[in-house]
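The values are calculated or read from the model by the stated rules, or taken from the named source; none is laboratory data. For clarity, every value in this text was computed on a predicted model and none was experimentally measured. Positions of Cβ are backbone-derived with ideal geometry, glycine not excepted, and every protein chain shown enters the neighbour counts. We work out accessible area using only protein heavy atoms, side chains counted, and drop any ligands, DNA or RNA first. Shrake-Rupley method; radii C 1.70, N 1.55, O 1.52, S 1.80 Å.
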Amino acid sequence: MAAIASDGRPHGVPVRATGLWKRFGALDVVRDVSLEIAQGEVVGFVGPNGAGKSTTIRMMLDIFAPDQGTVEVFGAPIDDAARRRIGYLPEERGLYPGLRIPPILKYMAELKGVSTQEAPGLADAALERLGLTEHRAKKVGELSRGLRQLLQFAATIQHKPDFLVLDEPFSGLDPVNVRLMKNTVADLRNDGVAVLFSTHQMTDVEELCDRVVMINHGEIVLNGGVREIRRQHASDRLLVECASDLPYALSLPGVAKVESHGDGWRISLDDDGSADGVLRALLDAGVELERFEREAPTLEEIFLRIVRSAGGNASGNGTPDEGTRTDG
Amino acid sequence: MGSVRIVTRHEFRTAVTRPSYLILTAAVPVLVALAVAGFAIFTLVTREDAEAETASSTESSAQAPRLGYVDLTDGPALFGAHQDQPGAVFVPVSDRDAGVAALMDEQIDALFVFPPDYAKTGRVVRVRIADDGGVFGPDGPSYSGTLRGFVLSNLFADDVPAGLAERLRIPYTLVTEEVRPDGAAEESAGFDIGRAAFFAVAGISLLFSVFFSSGYVLNALVEEKENRVMEVLLSSVKPDALLLGKFFGLGAAGLLQMAAWLGAVGAGVLVLGLIVDVPTDLLTMPGVGDIAIAAGYFLFGYALFASLMAAVGAVTTSLREANQISAIVIVPAFIPVWLNFILFTEPEGKVARVLTFIPVTAPVTGFIRLAIDAMGPLETVAALLVLGASASGALWLAMRLFRAYLLMYGKRPTLKEMARSVVSG
């Protein structure tokens, strides 16, 4: 449960979902999903389209009621007070195109419990942080798609949430604004904000997230630290770079194959082989090593491997009922 | 309740600052002002003409119409004792030819000839100058009432007791006395023009509100679904609070619009009263009871139609589709208007009573029947209770559908799916 520190911000695990289950029609869209996010932690939430990500998020935010399971935010079921400490940038997002920016930000801030007097100052700070100050007087409909997205992000973070949920936040943004947003998310994490980050971009997860949770067919199939998962899925292959050729490595015990790879070599181990044994043998042979590491798959490779082994399709696995909704 | 208040305030402010709202709200006062101004100008011009004509007539000592008559009846003269009648003076003329000459010279305004057999036949000849008459015909005033008074006065005034002579001119004024089952009697107040005008204006306003105020709720909901704002809002506020906030905020905007329109009409009538002689009944302020009844009908009517519109908005996926389906809700509201001939001819008949208790037709039917004083207090209260209960039920239905389909994009649910959602909550 989240404890409140002297600075007023929560410690521990501010967000905990346990055994969430959701059925639409005859289909179980989310099955027994449990998830925790700690203070100052960015959790990547990944999965193919229709895997149940958005439905899970909506249950965690009390937009959908789960058929089974519980959600605790800041130590209790979501109530109005908890809702005010959450920032949510959904995948299907938009603002009032006919309204100017200040009244929209004020309305969003007031819904988060910010006082009428305090709202303009917070809005200005968020706009300045995201480089939107010069557009302040414009109507939303006058902004480009990217600027609208940044504005929506400003509306999401202006009230300084303790729990931030971002669903595909970078889609449609140019690289400069993607970097701006990533830096802002990193700053928020450093401030102790718990972040749930749903995306299809594994490179973003590797860059931003401390932990990754993968969901497929409504079930969590992977949950752990990014480095830990990559290590767990590390292959039996070694990447070696050195000044000399390595064909003789074939004769080393435990080595099944040696092949050229980039500027170096890729060594495949057999069942008896070990990285330690190969390293020791190479050093004993006087090889001047410039690089020696176990080849680890990228998160994307792990993602594709898991989805394919489950018989799914990483580019589209929508469920019939979810087709009427915006589930990802 | 804090969230409801914030949504209410936002929706109200957003609605009342929309150009379409401002134009529509200002349209009625502007039209009323133009109508009053036009009428005032017309009245002033015609009054000047009338005053000029009156001045001219005064000069010729002929303010009241001069009606010539020729008494050719057998025996002693029947007419002549009572020549001054209200609004006219009867002038004796010696014979028909002299009368025609006076008529052509405009010395008299009309000529009546009482033939010799008048006493037997009752026949009186009005002589007119042949004329093509123009668009409005050649006749001018008929003077039939004045003639009747002249004839009765001269024939019988000297034979009736003092104090009854006036009854020759106006024999009676009919009033109705109603007897209650307990035997107590009370005189009917008769037709109250002011009350009728009040409920007529209120009924018309309600019809407009069906179009506009409840339409605002529909548009706001569907626009937020189309703009994808809905999900952002739902992370901050519960669906019920969001719907209630819209309901109250847009309802307040609608009420403000109605108040502006009713105020403009009321002010227009008052100004007209200063310009011309408007019947005092029309200038009477409606009673507290009438205002309370109208407010009840208006609020429950708005609540009913706004809730039904919200339900339509909840299950549709685009503004175009929503506007098409909303006809299912709006069209029944106009049934009482289409059946007005039945409501006016049989205001207490079966059709009128049934329409009074069907929720979607109740408000307009109620206003029509109240305008012609055809609803008793008990029936009014019962109808309001039924309407209030129906409005509550419609709001409950809208909330259920809103919760179930608030994030549905692209596909409209079937009736079966909607029924299941409403039942399961």
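First select every other residue whose beta carbon is under 14 angstrom from the beta carbon of residue A:235; then total the charges, Lys and Arg +1, Asp and Glu -1.
0
Run the paramagnetic zone check for residue B:158: 7 angstrom along Cα to Cβ, then residues of the range B:68-97 with backbone nitrogen under 14 Å. Only B:76-83 pass the distance filter.
For the range A:114-199, the list of GluC sites (Glu not before Pro) that fall in a loop by DSSP and count at most 15 other C-beta atoms within 10 angstrom reads A:118. For the range B:318-385 versus the range A:31-95, the spacing of their alpha-carbon centroids is 47 Å. Stretching the chain fully between residue A:144 and residue A:116 yields a gain of 7.3 nm (0.36 nm per residue, less the alpha carbon separation). Look at the stretch A:100-113: the mean tally of other chain Cβ atoms within 10 Å of its residues' Cβ atoms is 4.
Relative contact order of the range A:208-274, taken over Cα pairs closer than 8 Å and 6 or more residues apart, is 24 percent. Spin-label pair residue B:121-residue B:184: with each label point 7 Å from Cα along the Cα-Cβ axis, the two points sit 5.9 nm from one another. Computed log10 I(q)/I(0) for the range A:149-229 at 0.12, 0.27 Å⁻¹: -0.36, -1.49, from the Debye equation with unit scatterers placed on every C-alpha and solvent omitted. Shielding value for B:232-243 is 6, the average number of Cβ atoms from other chains within 10 Å of each residue's Cβ. Across the range B:308-406, the fraction of Cα-Cα pairs farther apart than 18 Å, rounded to a whole number, is 53%. Relative protection proxy for A:154-162, B:381-389, B:120-128, A:29-37, from highest mean packing down: A:154-162, A:29-37, B:381-389, B:120-128 (other beta-carbon atoms within 10 angstrom). For residue A:19, neighbours were defined as the other residues whose beta-carbon sits under 10 Å from its Cβ, and their charges (Lys and Arg +1, Asp and Glu -1) total 0. The alpha carbon centroids of the range A:237-284 and the range B:26-43 are separated by 98 Å. Per residue, the protein assembly as shown reaches -15500 deg cm²/dmol at 222 nm when only DSSP H runs of four or more residues are counted, each adding -39500 (n - 2.57). With each label modelled as a point 7 angstrom along the Cα→C-beta vector, the residue B:295-residue B:40 pair spans 3.1 nm. With q set to 0.12, 0.19, 0.21 Å⁻¹, the log10 of I(q)/I(0) for the range B:243-396, from the Debye formula over equal scatterers at the Cα positions, is -0.62, -1.25, -1.36.
What is the ratio of the Cα radius of gyration of the protein assembly as shown to 2.2 N^0.38 Å, where N is its residue count, to two decimals?
1.58
Local charge for residue B:127 was computed over the other residues whose Cβ lies under 11 Å away, with Lys and Arg +1 and Asp and Glu -1, and equals +2. Within the accessible area of the range A:37-152, what % is carbon and sulfur when the probe is 1.4 Å and the other protein chains stay in place? Carbon and sulfur: 48 percent of the exposed surface of the range A:37-152. Using a Gaussian network model of chain A in which every pair of alpha carbons under 10 angstrom is joined by a spring, one finds that among A:126, A:243, A:109 the greatest mean-square fluctuation is at A:243. Taking amide H as placed 1.01 Å from N in the peptide plane, the amide H of residue A:99 sits under 5 Å from that of A:140, A:141, each at least 5 places away or on another chain. Counting Cβ atoms of other protein chains within 10 Å of each Cβ in A:90-98 and taking the mean gives 6. Taking every Cα-Cα distance in chain A and sorting them into 10 Å bins from zero, the calculated P(r) comes out as 5, 22, 27, 21, 13, 8, 3, 0 percent. With 31 Å as the limit on Cα-Cα distance, the pairs of A:182/A:257; A:138/A:182; A:139/B:416; A:53/B:225; A:106/B:416; A:53/A:257 that go past it are A:182/A:257; A:139/B:416; A:106/B:416; A:53/A:257.
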